[in-house]
Amino acid sequence: MTPFAQEIVFHWTAVACYIAGVIAFAYALIFNHPAKLARAKWLTSAGLLPHTVALALRYVHVGHGPYMMKYEVLSSNAWIAILMLLLFLWRKPGWSALALVALPAAILMMGLGLFTNPEARNLPPTLRSIWLIFHILFNKLAVGAFLLSLAAAIVLLRKLNGATSRWLDRLPGVEVLEARTVRFVGFGFVFWTTTIGMGSIWANQSWGRYWGWDPIESWSFVTWLAYALLLHARLFLKLKARATAWGVIACFGLSVLTVLIFPFIFPSMHSAYFQ
Amino acid sequence: MKYLFASSKRFLRRPAVILGEISALALAGALGAVWPALHAFQSCWFAALAVLTAGSLAVVVTEQFYRVRAQWRQPLTPAHFQSAPFKSEWERPAITPVLQQKVWSERSIGLAGSLVFHTGLLCLIVAGAWRALFGAEAVVDLVEGETHAPGAVWAEQWPGIFAQPLRLEQPITLESVSGSRYAGGDLRELRAHFSAGEIAVNHQLVIGGTRLYLAQEFGPAALVEWNHTNGIAALLTSASHGSFAGEAAGPAGLNVFFRCQSERPTNLEVRAMRGAALLLATSLAPGETLALPGGTSLTLRATPMWARLRASHDSALWLAYFGMILTMAGAAMIFTLIKLDYCVIITPLGERERVFIALRPQRFAPLFVERFEALVQTHVAAPDTAAIIPPLPDQKNPESSVVLAAAGRLAVLAGGILFLSGCDRISPAQAKQLVERYNQVVSEAYRRGDVRLADPVVGPNEGRKLTGLIGVRLDLGVTLDSHLLALEITGVEQSNNELRVQTRERWRYHDLKIGTGAQVGEASEDSYVMMYYFTNQNRTWLVNEIKFAAPPQVGRKKMLWVTDRSALAPTNTGPRL
C-alpha cells in the first residue's frame, strides 16, 4: 500500500470514528443517557489516533507541516478543533451538548478537505521559516476557538428561543452560556491576534515589510476588527445575549470566508500557498 | 483652548465614536481588499481615519493608565464587596472567638490587560504612520559581478512622503547566486553572496540602517552586445517546465528572445524577430556572434546569474515589533488573567459566628460560580447557594422539534459551505478571457515558430496538434502572423473539470517567410464557429481540443501548401531547435 493510500485509509477511519462519536453524543444527550457520554468521548478520542497518524504520514510524505493545499490544511484544522473540544469537555463535562454542533462542523471541514486535490507540493523558500509554523499553528487554534464559540452561540440561541430538551437542560443557564461564548471568542481573538502578529514578523523577514495590505492580510484584519467590534459593542452597548450570539455567528462566517473562500477569489500572495 | 482639548477628549472617548472607528476601519479594509484599484489605504480619508483612531486610542490609554494606577494603589477593603456578584452569609457554631477578616486578590496583573493591548495598538499605528512618512523601499536586479554603489539608481523606489531616497551606506557587489532544488525540480532554497555578506530568502542583511532582502526572482542573464558596441543584460525569468526565458530589444525594431533549460546554461536558444516576422532561430553559446539580416550582429558575451534585491529602511520597525508584542500580550491578559477579589469575614456572635464570603471577578462573572461554590464549601458543609445560581429558562418546545431544527440549520450551514467551496462556475466573461488568452499565446507561438510558448495554455492533445502544425510551417520556411478581429462567446457549458466554450470568431492571417519577413501567398480574413474543450488541471484551464462547430468561411482561395513552392525557397532558418 502506498503512503498516500495509507493516509487515506487512516483519514477515513478517523472520519468513521468521529461520525460514530457524533451519533453516540446525540444518543446520550437526546435520549438522556448521561452514562453513555463517556463512550461518546472515547469514540471521538479514538478518531484522533488515526487522524494523527494520517497527518504524521502526510508530514513524512511531503516533508513539511500542513501549511499548503486545502487537503492538509482543513484536515489539520479539524484535528485541532476536535482536540480543543475534547480538552474542554474533559474540563467541563456538563457542556457535552457543544459536541453536537462543533463535531459535525469539524467533520464537514475534514470531509471538504478530503475531496480536494491531495497532490503534494514542495514548500517554496519563502515558506521555510519558523514564523510560518507559529503563524499557522495560531491560525488553527483560532479556528478551533471560533468553532467552539459558534457551537456555544447556537446552543445559546436555542435556549433563548425557549427550546427545551434534556440535553439543553443539562447545560448551564443563559448567563453562563453567554459568558462562555464570549470567552471562546476572546480566546479566538487572542489566537487570531497572534496569527496576524506572527505573520507580520514573517512577512517582514521574507518581503521586507510587516504589512502590505495584501487582500488576505486585509481580510484577516477585517475579521479581527469584526470580532473587536463585537467585543466592544457588548461592553459599551450592553448587548443582550441574543445579539451577542448572532454577532458571534456572523463573525464566524466572516472568519470562514477569510480562511477558506477569499484566498480563491482575490488574487493574493497567500492564494498560491493554499490551493 | 482647554475647553477645546477637553471636548475633543470627550468626543474621542465616546463609545459611539470608538465603535464607528472600528466599523469604518473594517469597511475600509474590505473595500481595499475587494477593489485594490481604489487605493483605499493610500487615500486621505483612510489617513484621517487612522489619525482619529490613534486619537481615541491615546485618550483611552491615558484614561486606563490612571485608572489602573488608582486601582493598583487602592487597598482592598470589605466595602468593595457591596456590589460583588457572588455573596453568601450564614451563621454556624463558633470555631474562633476573634474577628477574622481576610480580603485578597488573585491575578491582579490582569487589570493591565486592556491598557497593554491598547498601548500596543497605538504603537502599531504610530510605527505604521512613521513608516509611511519616513520609510523607504527599493528594488534592483543585480547580475553576478555587478556592484550597486551608494549613489546608484534603483530599478524602482517607494520612499515615504517625507523620506529621502534610499541610499546604501557602502557599495555591495553580487558575487554569486546559488539555489538548491527538491528532487522534483522545485526551488528549495536561494542564496546570494555579496561582498558585504550573504543573503538568503528569509535571511536579511543589514547595512547601516538599511535591510536587504532576497526575493525569489532570479535566473540566468544573457549579456549581449549589438554590433560589438552596445552591451545589455537580458534577464531570463522562470518560465514553464523549469525553463528560463527573456528578451532583449535591439536596433531597428529587432527583438531577440532567449530561452534555456538550466540556471547555468552552456548555450541559449535564440529567436530573432522584427515585428511579426521571424528572422532566425538558432542556438548560441557565450562568445559566439550571430549575424542578423540587415547587417546587424549579436554577440553573447556571458550568461551569469542575476537576482532581485529588495531594500527597506524603516527606523520605526522596533516600535512596530514592540507594539505587536504588547498587543498580543495585552489580548492574552484580558481573556486569561481575570482579576479575582476575595473576601472572607468571620464575626463572633457568642456561641455562634457569622460567616460572610464574597467573590468579585473583574469580568465574565457567571463563569466563576463553581469557584465561589468551592470557596463556600471550604467554610460550610452545605451552603445554600440557590440564590446565586440563575434559574433555568421555561421549557416549551418538544425535544424532537429542537433536534430537527438543529439538524436543519446544520444542513443549511453544510450546504452553504459546500456551495461556496464549489463556486468555481465559469461565467461567459471569464470564458472569453480564457479563449482570448489562449489565442494570444498560440498566435505568438505561431509567430515565433516556437510551440513551447503554448505550454501554459494547452493540454497534451492540443499540444501535439500544435507541434505538428507549427512544425509543418517551419519546414515550409514560413511563420503565421494572425490577428483576432472579433470574438463572441455563444455558449458556455461546464461539468466537473471540463469546460466547453463555443465562439464566433473573425481572424486575419498571413504567412511570413522566415529570414526576410516577406509575405508569402495571399492574406486571408476568415470567420469560424469554434468549440473549445478546456480541462481543469491543477486549477488551471487548459485547452485540450479545438473543433470547428460549423464549416469555416475562409477568405483566401489558394492554400499555402498548394502555392508556388519557389516563393518559399531559399530560406535559412538556422539550426532547428
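The values are calculated or read from the model by the stated rules, or taken from the named source; none is laboratory data. Quick caveat, the model's predicted, so the values are computed rather than measured. Quick reminder, even Gly has a Cβ in these numbers, built from the backbone with ideal geometry, and neighbours come from all protein chains shown.
Considering only residues that are surrounded by 15 or more Cβ atoms within 10 Å (Cβ to Cβ) and closer than 21 Å to A:Met269 by Cα, which ones fall in the range B:27-49? Result: B:Ala28, B:Gly29, B:Ala30, B:Leu31, B:Gly32, B:Ala33, B:Val34, B:Pro36, B:Ala40, B:Phe41. Consider B:Ser240 carefully, then state whether it is more than 9 Å from chain A (Cβ to nearest Cβ), in contact (Cβ under 8 Å) with a residue 60 or more places away in the chain and farther than 26 Å from B:Gly151 by Cα. Spelling it out, B:Ser240 is indeed more than 9 Å from chain A (Cβ to nearest Cβ), in contact (Cβ under 8 Å) with a residue 60 or more places away in the chain and farther than 26 Å from B:Gly151 by Cα. Flag: B:Ala234 does not match the condition of being over 28 Å from the mean Cα position of the chain (by Cα) and buried (at least 19 other Cβ atoms within 10 Å of the Cβ).
When B:Leu466, B:Leu487, B:Leu499 are screened for being crowded, with 20+ Cβ neighbours inside 10 Å and either assigned to a strand (DSSP E or B) or charged (D, E, K, R) (or both), only B:Leu499 passes. Of the residues in the range B:79-86, at least one is among the aromatic types (Phe, Trp, Tyr), within 14 Å of chain A (Cβ to nearest Cβ) and surrounded by 14 or more Cβ atoms within 10 Å (Cβ to Cβ). I'd like to know if the range A:121-136 contains one or more residues that are among the small types (Gly, Ala, Ser), over 30 Å from B:Met324 (Cα atoms) and either surrounded by fewer than 21 Cβ atoms within 10 Å (Cβ to Cβ) or more than 12 Å from the chain's Cα centre (by Cα) (or both). Taking every residue of the range A:121-136 in turn, none turns out to be among the small types (Gly, Ala, Ser), over 30 Å from B:Met324 (Cα atoms) and either surrounded by fewer than 21 Cβ atoms within 10 Å (Cβ to Cβ) or more than 12 Å from the chain's Cα centre (by Cα) (or both).
A:Asn122 falls short on exactly one of the conditions (1) at pLDDT below 90; (2) in a helix (DSSP H, G or I), and that condition is (2).
So that you can scan it fast, the table gives a plain yes or no per residue for (1) surrounded by fewer than 19 Cβ atoms within 10 Å (Cβ to Cβ); (2) within 9 Å of chain B (Cβ to nearest Cβ); (3) in a helix (DSSP H, G or I); (4) not aliphatic (A, V, I, L, M):
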| position | (1), (2), (3), (4) |
| --- | --- |
| A:His232 | yes, yes, yes, yes |
| A:Ala245 | no, no, yes, no |
| A:Ala250 | yes, no, yes, no |
| A:Ile261 | yes, yes, yes, no |
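Every test in (1) part of a helix (DSSP H, G or I); (2) under 25 Å from A:Pro50 (Cα atoms); (3) within 9 Å of another protein chain (Cβ to nearest Cβ) is passed by A:Trp79 save one, and that test is (3).
Within the range A:131-178, the set of residues being of a type in the set (D, E, K, R) and in contact with a helix residue (DSSP H, G or I) (Cβ under 9 Å, 6 or more places away or on another chain) comprises A:Lys140, A:Arg158, A:Lys159, A:Arg166, A:Arg170, A:Glu175, A:Glu178. Restricted to the range B:242-307, the set of strands (runs of 3 or more DSSP E) holding at least 3 residues that are of a type in the set (D, E, K, R) comprises B:268-274.
In the set (1) hydrophobic (A, V, I, L, M, F, W, C); (2) loosely packed, with under 14 Cβ neighbours inside 10 Å; (3) more than 24 Å from B:Ala316 (Cβ to Cβ), B:Ala239 fails one condition alone, (2).
The set of residues from the range B:1-51 being among the charged types (D, E, K, R) and outside any helix (DSSP H, G or I) comprises just one member, B:Arg14.
Within the range B:195-207, can one find any residue that is within 25 Å of B:Gly242 (Cα to Cα) and in contact with a Ser or Thr (Cβ under 9 Å, 6 or more places away or on another chain)? The answer is yes, given that some residue of the range B:195-207 is within 25 Å of B:Gly242 (Cα to Cα) and in contact with a Ser or Thr (Cβ under 9 Å, 6 or more places away or on another chain). Looking across the range B:119-169, the residues that are touching a helix residue (DSSP H, G or I) at 6+ places or on another chain (Cβ under 6 Å) and surrounded by fewer than 16 Cβ atoms within 10 Å (Cβ to Cβ) come down to B:Ile161, B:Phe162. Do the conditions hold for B:Leu4, that is, is it surrounded by 12 or more Cβ atoms within 10 Å (Cβ to Cβ), out of contact with any strand residue (DSSP E or B) (no Cβ under 6 Å at 6 or more places or on another chain) and on the phi < 0 side of the Ramachandran plot? Against the criterion (surrounded by 12 or more Cβ atoms within 10 Å (Cβ to Cβ), out of contact with any strand residue (DSSP E or B) (no Cβ under 6 Å at 6 or more places or on another chain) and on the phi < 0 side of the Ramachandran plot), B:Leu4 does not qualify. If you check B:Gln430, B:Gln440 for being closer than 26 Å to B:Thr282 by Cα and surrounded by fewer than 17 Cβ atoms within 10 Å (Cβ to Cβ), only one passes: B:Gln440.
In the range A:195-205 there is at least one residue matching the filter, namely being farther than 24 Å from B:Ile334 by Cβ, at pLDDT below 95, within 7 Å of chain B (Cβ to nearest Cβ) and surrounded by fewer than 23 Cβ atoms within 10 Å (Cβ to Cβ).
Is it the case that A:Ala151 is facing chain B (nearest Cβ under 9 Å) and either under 21 Å from B:Gly32 (Cβ atoms) or among the hydrophobic types (A, V, I, L, M, F, W, C) (or both)? No; evaluated as a whole, the condition is false for this residue. Inspection of the range B:504-512 identifies at least one residue that is among the hydroxyl-bearing types (Ser, Thr, Tyr) and either modelled with pLDDT of 90 or more or surrounded by 15 or more Cβ atoms within 10 Å (Cβ to Cβ) (or both).
Scanning the range B:57-98 for residues that are assigned to a helix (DSSP H, G or I) and among the β-branched types (Val, Ile, Thr), we see that the one that is farthest from B:Gly110 (Cα to Cα) is B:Val59. When we screen A:Ala179, A:Ala163, A:Ala142 for residues that are on the phi < 0 side of the Ramachandran plot, touching a residue at least 60 places away in the same chain (Cβ under 8 Å) and either outside any helix (DSSP H, G or I) or touching a Phe, Trp or Tyr at 6+ places or on another chain (Cβ under 7 Å) (or both), the only hit is A:Ala142.
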